[in-house]
1. Using +1 at the C-beta of Lys and Arg and -1 at the C-beta of Asp and Glu, which of HIS558, GLY585, VAL607 has the Cα lying farthest in the positive direction of the dipole of segment 529-657?
2. If you put +1 on each Lys and Arg Cβ and -1 on each Asp and Glu Cβ, how big is the dipole of segment 345-501 around its Cα centre, in Debye rounded to 20?
3. 5 Å is the cut-off here: which amide hydrogens, built 1.01 Å from N in the peptide plane, fall below it relative to GLY596, excluding neighbours closer than 5 in sequence?
4. Over the chain, give the accessible area per residue in Å² for a 1.4 Å probe, as an integer.
5. Express the C-alpha Rg of segment 223-347 as a ratio against the empirical globular expectation 2.2 N^0.38 Å, rounded to two decimals.
6. Checking the table LYS572/LYS612; LYS132/LYS206; LYS106/LYS355 against a 20 Å threshold on Cα-Cα, which pairs fail?
7. Sort the following peptides by mean Cβ neighbour count (other Cβ atoms within 10 Å, averaged over residues), highest first: 183-193, 585-595.
8. Calculate the dipole size of segment 529-657 relative to its Cα centre from +1 charges on Lys and Arg beta carbons and -1 charges on Asp and Glu beta carbons; express the result in debye to the nearest 20.
Amino acid sequence: MRSAPGPMAPSQDLFAPKDSIRRTAHIQSLEEYQRLYRQSIEQPEEFWAEQAKALTWFHPPHTILDADPNQVDFSWFNGGRLNASFNCVDRHAKTRPGKPAIIWAKNEPGEYEVITFRDLQHHVGRVANVLKAHGVRKGDRVCIYLPMVPELAYTMLACARLGAVHSVVFAGFSAESLRERILDSGAKVLVTANEGPRGPKRIPTKAIADEAVEGLSQLEAVLVVRRTATEVNMQPGRDFWLDAEMARHRGTCPAEWMDSEDPLFILYASGSTGKPKGVLHTTGGYLVYAATTHRYVFDAQPDDVHFCTADMGWITGHTYLLYGPLLNGTTTVLFESIPTYPDAGRLWRVVDDLKATILYTAPTALRALIREGDTWVLKSSRQSLRLLATAGEPINPEVWRWFHDVVGEGRCPVVDTWWQTETGGVLITPLPGVTPCKPGSATLPFFGVEPLLVDDEGRVIQGNGVSGNLCLARTWPGQARTLYGHHQRFVETYYSRFPRLYFTGDGCRRDEDGYYWITGRVDDVLNVSGHRLGTAEVESALVAHEAVAEAAVVGFPHDIKGTGVCAFVTVKPEWQEASTEQMVGALKEQVRHAIGPIATPDRIVIVSGLPKTRSGKILRRMLRKIASGELDNLGDTTTLADPSVLDELLARQQPVARPRS
Ligand code: WTA
């Protein structure tokens, strides 16, 4: 058994826990964390059985953990019956009906709508009855392609109520991406909106959905939220306005008794190869993990107003905007807009208007706001804030300090949380008021989590002051169980690189104090503005253009996005006379259309050949270095089949944005 993370020598970079929060924290001291951590590792079943008591079970589990690591088969809380929607809604509607469950911050500043737990129960019940009327039953999949409107939360919880599996697709994805996800999940119903205001733009969600579902016979209905007055094409017999449907149905709907291991949702995530994978989370383990991590990591208190700026289309939205806060009866903010609309003061305005106590956001958003200067922040009060948190990508130490010093006025702890779509909830994180922090480090493992660093040969690296591939030695309740319909791919993706260990795809350093520092992806996944993007996906989008012969996509350091996308492309002979400017424009449009705006390459370099070995393998590492401007050490150039390719690449090299720290 591994022991709890070792004692920490104070260093000048260490931010001491804040007294202001220690008085209320669930865990009172670092020693208490270490003791509980040790218990969670030595007696995981006892630890998680205790945590599971925070939920309401129709029938308690008889077994806490049943794992067959050889089959990569993990089940938690077997025998337990429960319902996610009941736990998020009904039990609070009974004990505190008038408490705000969701505060919707609409796209236009100053416009809010409060949804109490009582309201939420009625709306969720109505949507559940609408879904039922359209044939949705336990186990069916429902695809949700919505902007950040309350109906998004209602529909997710309505699916959970019926035992249907929701698959939320970020409303910034293209028709092609949406279609792919509808097909893979076999969704029966699609829920969308006529359009979605987002900052200065309006996303034509219905028009995109129409293109996505054209000719698909598997869909029995498309339900359309009326977000604005704009009229859209409605196909009779297939498309229904959700408000009209809701008005026809009752607000009460019984909650299905689900088994712990029944699926709760699918969420697609990019990987290093192939198409996005349908990461599948189940009911009992996910909910216990969401509730436990939300309670400890955010030090959840009864009067909190939890403001998570993530979109529901990502796992952060699922776990820490919807499920975690609602399970704990916390008021959660559903933010329809973007941090820079109408100006860079928007987040602080929402914080002040709603007296938000917790702000959970992404380093990308902070980097964009820093650029606009401190005045936007200083103009606001922010006195309600007591905790700041980030996720999704490494946070540069100077961005961390700005968040801590300027936004939090040195008053609020900053928790940098490391996790993934597949992990369901946070795995490496400080506990506020307890863990001394170092800017840029996600610090120490959460309860029940055993990180390992492994070298490229699969040997576990012991001790501190070391770096390696970040793996997890054991399962935890929030772990994804499989990729929907592709268990073998699940095994190959996560458990084949290092047998019997879950491989995260991230590189990591464990410093002298045992603190973890995520150094970024070590596979072919890019983390662009905190969004995961497979280089292979962007390459397939590019080669689908008639002019493209070959494409290689790599990341490079980007001031705001963390990682920028750079594509090296060769064009077919008949297109070589085309203007570079037009070609670059067309290719950017191609990627935007195939995947969505988040994948648009920042740079496209058209070259006459890609650097390859004699056996035809593209030397990506070399391209990565060229794109990043690291020209001193390009590796062994003698393996190049055609050295003149390199001369051309170097001649085309342009200075790139350097990271801020
Ligand atoms: C990265 C997002 C550094 C990491 C919750 C991971 C981070 C990927 C952090 C998962 C962090 C997430 N510090 N890197 N605090 N949090 N990442 O699935 O590379 O969208 O593998 O989940 O984001 O992205 P995903």
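The values are calculated or read from the model by the stated rules, or taken from the named source; none is laboratory data. Because the structure is predicted, anything quoted here is derived from the model rather than measured. We place every Cβ from the backbone using ideal geometry, glycine too, and count neighbours over all the protein chains shown. Ligands, DNA and RNA are excluded from the accessible area calculation, which covers all protein heavy atoms including side chains. Shrake-Rupley method; radii C 1.70, N 1.55, O 1.52, S 1.80 Å.
1. Most positive-ward Cα: HIS558.
2. 340
3. Here the answer is SER174, since their amide H atoms fall under 5 Å of that of GLY596.
4. 37
5. Rg over 2.2 N^0.38 Å, computed on Cα atoms: 1.32.
6. Where the Cα-Cα span goes over 20 Å, the pairs concerned are LYS132/LYS206.
7. Ranked by mean Cβ neighbours within 10 Å, highest first: 183-193, 585-595.
8. Once rounded to the nearest 20, the dipole reads 420 debye.
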